[in-house]
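The values are calculated or read from the model by the stated rules, or taken from the named source; none is laboratory data. The structure displayed is predicted, hence computed values, not measured ones. Cβ: placed from backbone, ideal geometry, glycine included. Neighbour counts: every protein chain shown. SASA here: full protein model, heavy atoms, side chains in, ligands and nucleic acids out. Shrake-Rupley method; radii C 1.70, N 1.55, O 1.52, S 1.80 Å.
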Amino acid sequence: VRKLSGTYVGPDAIPAKVRDGRIYGRINNTQVVSGRLSSSDPNLQNIPSRTERGKLIRSCFVAPDGHTLLSVDYSQIELRVLAHESGDPALIEAFTGAEDLHRKTEKYIFGVPDEKAGTKRVAAKTFNFRIAYAGPGGSPRGLQEQLFLDGIVLPVEACADYRDRWFEMYPRVAAFLRAAGDEARRYGYASTAGGRRRYLPFARLNDVPRARAEAERQAGNVKIQGRAQEVIKGSMVRWDKSYREKVNRIAPTKLCMQIHDELLFEVGTRDSKILCRVADRIIRMMLAGTEHFAVPILAEAKAGTDWGSQKKLEDK
């Protein structure tokens, strides 16, 4: 509670940044090595959303009278990018087949039978997002620490076993991530499909194996996070070049913020039918250019009068 108060709602935190009823933070284009945009002074990308207290803080961000806050975010974009970039048939099938990725992990990694499906889905989902960044040669203890931050407690031995099982299920993902490490060792950098480079000189340090292993892991992250950011930044460019004008013919709409895989808009209406039309145009904008991906890229919209009470539009 003290941290939330000091960081977000204390007198020297976000309220001190309010001018004319709005928050004006900084958006940084070059400060994050993955290619993500970052936010500072204050950090508006780090407003908590999962806990009840976090939702209360988000509810303090309120749309002006007659307006709505509309969020459109990519669904599992980084794992979908990984499936496309690695070309792993099993991972592609997890996004296109009858049994989804998280159920597969719950079933084949955590051993949950069909009659108890869903009992460990949250843990499986968290594990799927963490394991790709750990890599096939990643430290089990490091994976354990990352999972612990998400509330999942596993012994080191289990983390090592689950890691090995996961990459046995998706061998071309393992090969893809190892190839990223090879690239970093050969050239001193890793690059995304769009050509963005991250220089990783430690990948060439044969006499410092821990530093080299970390650089190789980071090379894999570049391939995943960097490519995902190219997708969302492409959407932002399309918004500026053509879609802003199209969407504003439906209702006054402004792009306020990028929060990792999500775009936050302020729309000058509270009419649910008009909001659905706006959201449909924005989703089409965000999916444009992804038709060539080996798995479908998806986006979904939520709307509400404040940031903490947004609901999926089909529920409205």
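Some values worked out for this structure:
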item: Candidate set: segment 60-99, residues that are acidic (Asp, Glu) and open to solvent by 40 Å² or more (accessible area, probe 1.4 Å); chosen: the one farthest from Ala299 (Cα to Cα); result: Asp65
item: Residue list for segment 189-217, filter: open to solvent by 40 Å² or more (accessible area, probe 1.4 Å) and under 22 Å from the mean Cα position of the chain (by Cα); result: Ala193, Gly194, Gly195, Arg196, Arg197, Arg198, Glu214, Glu216, Arg217
item: Residues (open to solvent by 30 Å² or more (accessible area, probe 1.4 Å) and part of a helix (DSSP H, G or I)) located in segment 248-288; result: Asn248, Ser272, Lys273, Ile274, Cys276, Arg277, Asp280, Arg281, Ile283, Arg284, Leu287
item: Set Ser309, Ser235, Ser242: member being hydroxyl-bearing (Ser, Thr, Tyr), in a helix (DSSP H, G or I) and more than 30 Å from Ala179 (Cα to Cα); result: Ser242
item: Residues of segment 20-59 classified as of a type outside the set (Val, Ile, Thr), open to solvent by 50 Å² or more (accessible area, probe 1.4 Å) and not in a loop (DSSP other than H, G, I, E, B), total; result: 7
item: Cβ-Cβ under 8 Å pairs, at least 6 apart or on other chains, segment 289-316 side surrounded by 14 or more Cβ atoms within 10 Å (Cβ to Cβ), far side in a strand (DSSP E or B) and of a type in the set (Phe, Trp, Tyr); result: Ile297/Tyr74; Leu298/Tyr74; Ala299/Tyr74
item: Hits in segment 131-143 - residues which are buried (at least 20 other Cβ atoms within 10 Å of the Cβ) and assigned to a helix (DSSP H, G or I); result: Ile131, Ala132, Ala134, Leu143
item: Matching residues in segment 103-129 - criterion: being in contact with an Asp or Glu (Cβ under 6 Å, 6 or more places away or on another chain), open to solvent by less than 60 Å² (accessible area, probe 1.4 Å) and in a helix (DSSP H, G or I); result: Ala124, Thr126
item: Pairs, first outside any helix (DSSP H, G or I) in segment 157-176, second open to solvent by less than 60 Å² (accessible area, probe 1.4 Å) and among the aliphatic types (A, V, I, L, M), C-beta under 8 Å, six or more apart; result: Tyr170/Ala90; Tyr170/Leu91
